[in-house]
Amino acid sequence: MEISIEKAVEIKMDKQNGVAASIGLAIWAVPYLLLWILAFYKLPYLAAIMIPLTGAWTGLLLRFHGRGLEGKFNYIAYTSFILIMLFAASLGILIEGPVLIIVVLVLMVAGLLCISYVSQISLPKEEYKIFSRMMYSENSSMKKRYRNHFFIVLPTVILSHFVSFALVLVCIGFLNEYLNIALLGL
């Protein structure tokens with residue numbers, strides 16, 4: 001039994017989930033940040049490569065968890081990326097040594113471009129036309145679903161990342177206290 005193209009596009013639209021993307025990105029931020037901290041601890045001069053790598057990783061996770069067909073799903077990943085960069089900067093693991101701020105900004109732009117390139121799920125031209133027509137129709141099923149609305153997704157991204165960052169700090173404290181691994185001088 002073959003399903004129509006419109007039905008296939010509708011199924012793909014129903015699989016989009018901004019809240020799942022937000023929570024998934026926050027959950028994966030914990031092991032990623034711990035890996036970044038350990039990499040910085042062992043090889044601090046490689047910290048700069050982690051910035052664009054974070055963008056690529058965030059884009060892949062958004063693609064997997066959110067299944068977003070719309071461009072607004074990139075904003076979830078951008079917010080996550082910026083929060084992770086701010087947290088890494090507060091820990092002092094963003095970059096090692098005296099570096100011009102322009103270098104850091106170029107690396108962050110590279111990370112944002114990685115998100116844009118990796119995160120979007122592409123549709124064939126025929127399906128994209130149907131998707132656009134269905135998305136902007138008045139009785140679109142996406143307009144009825146709260147899991148993709150900005151006023152639900154943005155607080156979910158921010159709160160879930162703050163919980164993840166707190167968990168990272170607890171893990172650092174555990175490593176410092178019980179395993180006698182002094183990370184970041186904390």
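Test each condition in (1) buried (at least 22 other Cβ atoms within 10 Å of the Cβ); (2) in a helix (DSSP H, G or I) for Tyr45 and report the one that comes out false.
Failed condition: (1).
Working only within region 163-178, note down all residues that are open to solvent by 30 Å² or more (accessible area, probe 1.4 Å) and in contact (Cβ under 8 Å) with a residue 60 or more places away in the chain.
Residues satisfying the conditions are Val163, Leu167, Cys171.
Residues to consider are Ile95, Ile84; find the one that is assigned to a loop (DSSP other than H, G, I, E, B), modelled with pLDDT of 80 or more and surrounded by 19 or more Cβ atoms within 10 Å (Cβ to Cβ). So that I can check it myself, show each step before the final result.
Working: Ile84 fails: assigned to a loop (DSSP other than H, G, I, E, B).
Sole residue among the options that is assigned to a loop (DSSP other than H, G, I, E, B), modelled with pLDDT of 80 or more and surrounded by 19 or more Cβ atoms within 10 Å (Cβ to Cβ): Ile95.
Within region 31-42, restricting attention to residues that are in contact (Cβ under 8 Å) with a residue 40 or more places away in the chain and over 17 Å from Leu83 (Cα atoms), which residue is surrounded by the most Cβ atoms within 10 Å (Cβ to Cβ)?
Phe40
Being under 14 Å from the mean Cα position of the chain (by Cα), assigned to a helix (DSSP H, G or I), surrounded by fewer than 19 Cβ atoms within 10 Å (Cβ to Cβ) and among the small types (Gly, Ala, Ser) narrows it down to one residue among Ala89, Ala110, Ala56, Ala77; which is it? Outline the logic, then answer.
On the way: Ala89 fails: under 14 Å from the mean Cα position of the chain (by Cα); Ala110 fails: under 14 Å from the mean Cα position of the chain (by Cα); Ala77 fails: surrounded by fewer than 19 Cβ atoms within 10 Å (Cβ to Cβ).
Being under 14 Å from the mean Cα position of the chain (by Cα), assigned to a helix (DSSP H, G or I), surrounded by fewer than 19 Cβ atoms within 10 Å (Cβ to Cβ) and among the small types (Gly, Ala, Ser) holds for just one of Ala89, Ala110, Ala56, Ala77, which is Ala56.
Would you please list the contacts, defined by Cβ atoms under 7 Å and residues six or more apart or on different chains, that run from a residue in region 9-30 that is more than 15 Å from Ala77 (Cα to Cα) to a residue that is open to solvent by less than 40 Å² (accessible area, probe 1.4 Å) and among the charged types (D, E, K, R)?
Correct list of pairs: Val9/Glu127.
If we keep just the residues of region 117-128 that are open to solvent by 40 Å² or more (accessible area, probe 1.4 Å) and under 19 Å from the mean Cα position of the chain (by Cα), which is farthest from Glu10 (Cα to Cα)?
Filtering region 117-128 for residues open to solvent by 40 Å² or more (accessible area, probe 1.4 Å) gives 117, 120-122, 124-126, 128.
Add one more test, that the residue is under 19 Å from the mean Cα position of the chain (by Cα), and what stays is 117, 120-122.
Details: Tyr117: 24, Gln120: 17, Ile121: 15, Ser122: 15 Å.
Once the filter is applied, the top-ranked residue is Tyr117.
Is it the case that region 40-53 has a residue that's within 18 Å of Val104 (Cα to Cα), out of contact with any Lys or Arg (no Cβ under 8 Å at 6 or more places or on another chain) and small (Gly, Ala, Ser)?
yes
The values are calculated or read from the model by the stated rules, or taken from the named source; none is laboratory data. Being a predicted model, the structure only gives us computed values, none of them experimental. Cβ atoms come from the backbone with ideal geometry, glycine included; neighbour counts cover every protein chain shown. Just the protein is used for accessible areas: all its heavy atoms, side chains included, with ligands, DNA and RNA removed. Shrake-Rupley method; radii C 1.70, N 1.55, O 1.52, S 1.80 Å.
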